[in-house]
1. Only four residue types carry charge here, +1 at the Cβ of Lys and Arg and -1 at the Cβ of Asp and Glu. Report the dipole size of the stretch 46-164 about the Cα centre in Debye, rounded to the nearest 20.
2. Within the accessible area of the stretch 54-184, what % is carbon and sulfur when the probe is 1.4 Å and the other protein chains stay in place?
3. How much length would be gained if the chain were fully extended between residue 13 and residue 53, taking 0.36 nm per residue of separation minus their Cα-Cα distance, in nm to one decimal?
4. What list of ³J(HN,Hα) couplings, whole Hz, do you get for the stretch 29-38 from phi and the Karplus terms 6.51, -1.76, 1.60, once you set θ to phi - 60° and write x for glycine and proline?
5. Can you bin the stretch 170-218 into rounded, prolate or oblate? Criterion: square roots of the alpha carbon gyration tensor eigenvalues sorted a ≥ b ≥ c, rounded for a/c under 1.5, prolate for a/b above b/c, oblate for the rest.
6. Compute for the chain: radius of gyration divided by Kirkwood radius, i.e. Rg/Rh, restricted to C-alpha atoms, rounded to two decimals.
7. Given R₀ = 41 Å, what would the calculated FRET efficiency be for residue 77 paired with residue 114, taking r from the Cβ atoms and rounding to 0.05?
8. For the stretch 82-224, with only Lys/Arg (+1) and Asp/Glu (-1) charged at the beta-carbon, what is the dipole magnitude about the Cα centre, in debye rounded to 20?
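The values are calculated or read from the model by the stated rules, or taken from the named source; none is laboratory data. Every value quoted in this text rests on a predicted model; they were computed, and no experiment measured them. Cβ sites come from the backbone with ideal geometry, for glycine too, and all protein chains shown count toward neighbours. The accessibility values were calculated without ligands, DNA or RNA, using every heavy atom of the protein model including side chains. Shrake-Rupley method; radii C 1.70, N 1.55, O 1.52, S 1.80 Å.
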Amino acid sequence: LSFGGVTALTDVSLDVREREICAVIGPNGAGKSSLLNVINGVYRPDSGVVRFLFKGVERRPASPQAAARLGIARTFQNIALFKGMSALDNIMTGRYLKMRASLLEQAVYWGRGQWEEIRHRRKVEEVIKFLQIEAIRKTPVGRLPYGLQKRVELGRALAAEPRLLLLDEPMAGMNLEEKQDMCRFILDVNDQMGTTIVLIEHDMGVVMDISDRVVVLDYGRKIS
């Protein structure tokens, strides 16, 4: 993967096994976020392929929409939430691809639009309870501290019921207590939901505590 004369990734090859936690580490500029962007279709690589096994069939996610439909969800290094919306509404956006009602049905809140809203809201409430953020469900996320915003973003990804969860520095900027909470949630997502996880993280204590395997990148190459 190149951007003009800058090569972001070169001959990177790795596999992620089902239901494992795989960490990707390396210095700033090593190509870690670019790798996640290739996996979920944000970037299209200049060469090479991403193979994702979906219901026993090999698929190749070519766009973020295609990746989401296959069950690949993602959080970002820089929080990408709708700051003026509540935590509940932000997490509800994670259900978007699973909604079938038309814009008109949703607008008048009738028929399919009504029962879909109730069904998806029930799933979102389960995610809110799982992440222990019941007290802030109606709070605009722009007013929340950084650690809780990270948790809401994780909740939005979980609302999509992913098979593969990509976490880009989920603990960046957190204090020790917030990191411990996030570690516990990641382990529970992996254990209780059976979700495969690929995470980028700079805290080596966290990486060594929760990862099944570690991939090391440097200058866009896999070195270990």
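1. Working: 23 positive and 11 negative charges, 35 e Å.
I would put it at about 160 debye.
2. 53 percent
3. Separation in residues times 0.36 nm, less the Cα-Cα distance, equals 12.8 nm.
4. x, 7, x, 5, 5, 4, 4, 5, 5, 6
5. Details: a/c = 2.02, a/b = 1.05, b/c = 1.93.
Because a/c hits 1.5 or more and a/b fails to exceed b/c, the stretch 170-218 counts as oblate.
6. Numbers: Rg = 18.0 Å, Rh = 18.4 Å.
My calculation of the ratio gives 0.98.
7. Numbers: r = 37 Å, r/R0 = 0.91.
That pair, residue 77 with residue 114, gives E of 0.65.
8. Details: 22 positive and 21 negative charges, 127 e Å.
The dipole magnitude comes to about 620 debye.
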